[in-house]
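Here's the structure, in C-alpha cells; my notes come after.
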Amino acid sequence: MTPLLEVTGLHKTYDNGVRAVNGIDLHVDRGETLGVVGESGSGKSTAARLILRLTEPDAGAVRLEGEDVLAMRGRRLREARGRMQFVPQDPASALNPRMTVRQSIEFNLRAHRWPAPARRERIAELLDAVGLGAEMSGRRPHELSGGQVQRVALARALATRPDLVICDEPVSGLDRSVQAQVLNLLVRLQRELGVAMIFISHDLTVVEHIADRVAVMYLGTVVEEASAERLWHNAMHPYSRALLSAIPGTSGARIILEGDPPSPRAVPSGCVFSSRCAYAIDECRRAVPPLEDRGAHQRVACIRAPIAWAELSPLDPASLNASRGASNGLTAHPA
Ligand code: ADP
Ligand code: MG
C-alpha cells in the first residue's frame, strides 16, 4: 500500500555550506506516529521544513499518497499544505502576537477556504478538543501560559482536519509537569482523530512514549529506524545505543560518545558517525553505510551492527576517558 507520506533521498545544504540534511528516507503510514530523534543540529527541523516545503530541498522526493509534493503548484499545493500541518518548535514566535486565539485559528481555516459559519463552529470544536475554554478565544499569545500557547498551536494545526501533523519539539520549551499534560493531549487527539504524526524531539524518552516507529538522526542522516519497542530493547546502531545509554536508569551495555559532533560543514566521509564511534574500523570511513533491513522492520546504517554489546561491555572507563575529547551532553558513564 502507498504510504501516506514517503520521503526519499532528501538533501539540503544551506548557503553557508552547512549540510543539514544528507539524503534521508522516511515514510509515515496513515494514522501512524513516527518519532524523529537526534541531538540538536542533526537536521530534524530542516527535514520538517523540507517535507512541508517551507524550505526547498536540493534533491529528493516528497510524496503525499504517491503524489509529488515538490512538483505541486497553486491550488494543488495549497490543498497538500492543508493536509500536512506544522506545530513549530517555538509556537510563541509562530503565533502572530497581535492576533487573538480565535483569529490565529481562523487564519488557517480562511487560508483553506472554509466558509464563515463553518469556521465559527470549527473553532469552538477545536478549543474544546485541546482543552481551552471558550473564554480563551479572545486572548493574545502574551496573555497565555506556555502550555496554552502550545494548545493553540495544536488547535490551529488540526483545524483543517489534516492527514499529517508535524510536531517539532512541541514540549521542549515547557515545564516538566506541563510537558506531560501536552503529551497526553497529543496522544489522545492522535488516537481520537486518527491523524498521522511526525513527532520530533531530542529526547528519546519522550519519543518512545508517543511514537509507533522511531527514526534516529545523526548529522543529517537517518542511522536507524525501528518500532519504538524494538529500538528501546534492541537498538543496533552505536549512536542509538549511546542515546539510550544517556538515559538515567537504563540497563545493558553502555556506550560512550567520543569527542564532540563534527561540524556539519565538514561531515566525515563514509559513515557520518565514524569520527565518534568506538567501534569504527577503516572500512567505516570509506563508504556511507546503507540503511539495511535487519528484520522485524528494523533498518540500520552500520556495517558493524549488531555488535556483540554484551562482550564489549562494560567498557573500560579508564581507556575511554583517556581517548575521549571534550565531554558532551550525551556522555554516559559505565555502570
Ligand atoms: P535540529 O532541528 O536537529 O536541531 P536543524 O535542522 O535546526 O537541526 O539544523 C541542522 C543544521 O543546519 C545545524 O548545523 C544548523 O545550525 C544549520 N541550520 C539550520 N537552519 C539554517 C539556516 N537557515 N541557515 C544556515 N544553517 C542552518
Ligand atoms: Mg530543531
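Every number in this text was worked out from the coordinates using simple rules, so none of it is lab data. Keep in mind that this is a model prediction, so the values were computed, not measured. In this analysis, Cβ positions are derived from the backbone assuming ideal geometry, glycine residues included, and neighbour counts consider all displayed protein chains.
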Can you tell me the length gained on complete extension of the stretch residue 110 to residue 191, counting 0.36 nm per residue apart and subtracting the Cα distance?
26.5 nm
For the residue 40, residue 76 Cβ pair and Förster radius 35 Å, calculated FRET efficiency rounded to 0.05 is 0.50
Distance in nm between pseudo-label sites at residue 247 and residue 15 (7 Å out along the Cβ direction from Cα):
4.1
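Sorting check: for 279-292, 26-39, which peptide has the highest mean count of neighbouring beta carbons within 10 Å, and how do the rest follow? Mind showing how you got there, number by number?
Details: 279-292: 14.9, 26-39: 21.4.
Ranked by mean Cβ neighbours within 10 Å, highest first: 26-39, 279-292.
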Would you grab the residues whose amide H sits under 5 Å from the one on residue 215? Only those 5+ places off in sequence or on another chain, please, with H modelled 1.01 Å from N.
35, 36, 37
With springs connecting C-alpha atoms under 10 Å apart, model the chain as a Gaussian network and identify which of 68, 15, 175 has the largest mean-square fluctuation.
15
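For region 6-51, what does the relative contact order come out to in percent, with C-alpha contacts under 8 Å and a separation of six or more?
Values: 50 pairs, mean separation 16.0, N = 46.
Once normalised by length, the contact order is 35 percent.
Residue separation times 0.36 nm, minus the C-alpha to C-alpha distance between residue 293 and residue 125: what's the value? Display every interim value, and only then the final one.
Working: separation 168, 0.36 × 168 = 60.48 nm, distance 4.30 nm.
Full extension from residue 293 to residue 125 adds 56.2 nm.
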Using the charge dipole of region 1-84 (Lys, Arg: +1 at Cβ; Asp, Glu: -1 at Cβ; taken about the Cα centre), state which of 18, 28, 55 has its Cα farthest towards the positive end.
55
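About the Cα centre of the chain, what is the dipole size in debye to 20, counting +1 per Lys and Arg Cβ and -1 per Asp and Glu Cβ, all else neutral? The partial results should precede the final answer.
Numbers: 40 positive and 38 negative charges, 232 e Å.
Approximately 1120 debye in magnitude.
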Order of 225, 121 from fewest to most other C-beta atoms within 10 Å?
121, 225
Cut-off 15 Å (backbone N to label point 7 Å along Cα→Cβ of residue 68), residues of region 9-35:
9-10
Distance in nm between residue 184 and residue 282 label points, each 7 Å along Cα→Cβ, equals 5.7
